[in-house]
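Q: First, the structure itself, so that you have it in front of you.
The values are calculated or read from the model by the stated rules, or taken from the named source; none is laboratory data. For clarity, every value in this text was computed on a predicted model and none was experimentally measured. Here the Cβ positions follow ideal geometry from the backbone for every residue, glycine too, while neighbour counts run over all protein chains shown. Accessible surface areas use protein heavy atoms only, side chains included; no ligands, DNA or RNA. Shrake-Rupley method; radii C 1.70, N 1.55, O 1.52, S 1.80 Å.
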Amino acid sequence: MSNSHSKRPRFSELFPFSFRDLKITLLILLVAVTFCILLQRMEPSAGFSMPVFVLTVLLTSWLTNGYFWGLLSAVLGVIAVNYFFTYPFWSFNLTITGYPLSFLTFLSVSIITSTLTTKTRQLDKLRLENEKIRMRADLLRSVSHDIRTPLTSIIGSTSAVLDNPDLSTEDRRTLLQDVKQEAQWLIRVVENLLSITRIGSDQAELAKQPEPAEEVLAEAAQKARKRLPDIKFSVEVPDDLLMVPMDPILIEQVLSNLIENAATHGVTTTAIHLSVKETEDGFAAFSVRDNGRGIPPSLLPHLFDYSIRHASTPTGDGKRNMGLGLSVCSAVVKAHGGRLTARNHKDGAEFIFCLPVSKEESI
């Protein structure tokens, strides 16, 4: 009994049934038959039908799930070739000299094509699943490393306050301020983790609505000014209202991550310029530009990897990892159908992400 139950899921994976796949199979076969009939009228003696139906099997296997539809397409293709395109036309004839060998060869080629194509798709799917598992493992390792140092700092600061009742008010304030900063940073790590988990979910759907790009940018700048009072912020927006389909919470988080990255890893950053404009190719280009020390050229190709670290920074501070925040930015922007790039300029670094703008929604 247990063996039969274990085989059922496997059989359903190999030979699944869905009306979507049925429609695709029938549509491809109908197009192939119509195309061959048109060609036959132009050149009745040409033997083009078999290659066309082998291609039909290949397309069916590639666009549908499991082995069933490719095999069905192979069998129906053999029947169609015999009925429509083998003399006498529009009738079945199994007595033609050499017919059994020819059509057995055609059927074998079709079945092999279907099997190999389906197998290739399954291997590609397995490779993508393994890559997703590996990325999640890297993410967990990255987060585990990142939260260890601030948690240790929080425990140390609170222990110092509790174990030393004679501490001055100023020392207590300094320690509690450190606890607050570490806790705020941990909150941002958790928000990033939740966002990238949400984006990576197969069932996730972005709640995109046309939003004023200027308002999202202004909101991000306002929160950044409170969090980073020592940095001067400037905002540049277009004269006309720019409506962009987006999930405003996620895009605001992208801006927050990029601002945090500019402030933390720019090291010498004292000013950050935020801007948005519509490009000629129909995108809204958001820019976060700083006057810091720039991005080391060796890190530019790996900026959006989970595992990127400032290994050259000997502080041992887990917060020096910027891979998680930037990988969240990349995932969110890609989920919106956009692109994210980074570059150095003469006075610092600049991150630019572009989101598609619907012409009907752009005012």
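Q: Search the stretch 28-76 for residues being over 20 Å from VAL109 (Cα atoms) and of a type outside the set (A, V, I, L, M, F, W, C), and hand back the single one that is most open to solvent (accessible area, probe 1.4 Å).
A: ARG41
For (1) closer than 20 Å to GLY325 by Cβ; (2) open to solvent by less than 20 Å² (accessible area, probe 1.4 Å); (3) in contact (Cβ under 8 Å) with a residue 60 or more places away in the chain, each residue gets a yes or a no:
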residue: GLU214; (1), (2), (3): no, no, yes
residue: SER234; (1), (2), (3): no, no, no
residue: MET243; (1), (2), (3): no, no, yes
residue: PRO248; (1), (2), (3): yes, no, no
residue: ILE251; (1), (2), (3): yes, yes, yes
residue: VAL267; (1), (2), (3): yes, no, no
residue: HIS273; (1), (2), (3): yes, no, no
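Q: Are any of the residues in the stretch 281-297 surrounded by 14 or more Cβ atoms within 10 Å (Cβ to Cβ), modelled with pLDDT of 80 or more and farther than 22 Å from ALA224 by Cα?
A: Taking every residue of the stretch 281-297 in turn, at least one turns out to be surrounded by 14 or more Cβ atoms within 10 Å (Cβ to Cβ), modelled with pLDDT of 80 or more and farther than 22 Å from ALA224 by Cα.
Q: Would you check if there is a residue in the stretch 80-91 being among the hydrophobic types (A, V, I, L, M, F, W, C), modelled with pLDDT of 80 or more and either surrounded by 18 or more Cβ atoms within 10 Å (Cβ to Cβ) or not in a helix (DSSP H, G or I) (or both)?
A: yes
Residue-wise test of (1) open to solvent by less than 80 Å² (accessible area, probe 1.4 Å); (2) within 26 Å of ARG188 (Cβ to Cβ); (3) at pLDDT below 70.
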| site | (1), (2), (3) |
| --- | --- |
| LEU94 | no, no, yes |
| THR105 | yes, no, no |
| THR115 | yes, no, no |
| LEU123 | no, no, no |
| SER142 | yes, yes, yes |
| ILE155 | no, yes, no |
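Q: For ILE231, work out the one condition from (1) at pLDDT below 85; (2) within 26 Å of THR149 (Cβ to Cβ) it doesn't fulfil.
A: (1)
Q: Which numbered condition trips up LEU255, out of (1) modelled with pLDDT under 85; (2) crowded, with 21+ Cβ neighbours inside 10 Å?
A: All conditions are met except number (1).
Q: Please determine, by comparing only the residues of the stretch 298-342 that are in a loop (DSSP other than H, G, I, E, B) and at pLDDT 85 or above, which one is surrounded by the fewest Cβ atoms within 10 Å (Cβ to Cβ).
A: GLY337
Q: Then there's this: One residue is enough: does the stretch 185-205 have a residue meeting the conditions modelled with pLDDT under 90, of a type outside the set (Phe, Trp, Tyr) and part of a strand (DSSP E or B)?
A: Looking for residues that are modelled with pLDDT under 90, of a type outside the set (Phe, Trp, Tyr) and part of a strand (DSSP E or B), one finds none in the stretch 185-205, hence no.
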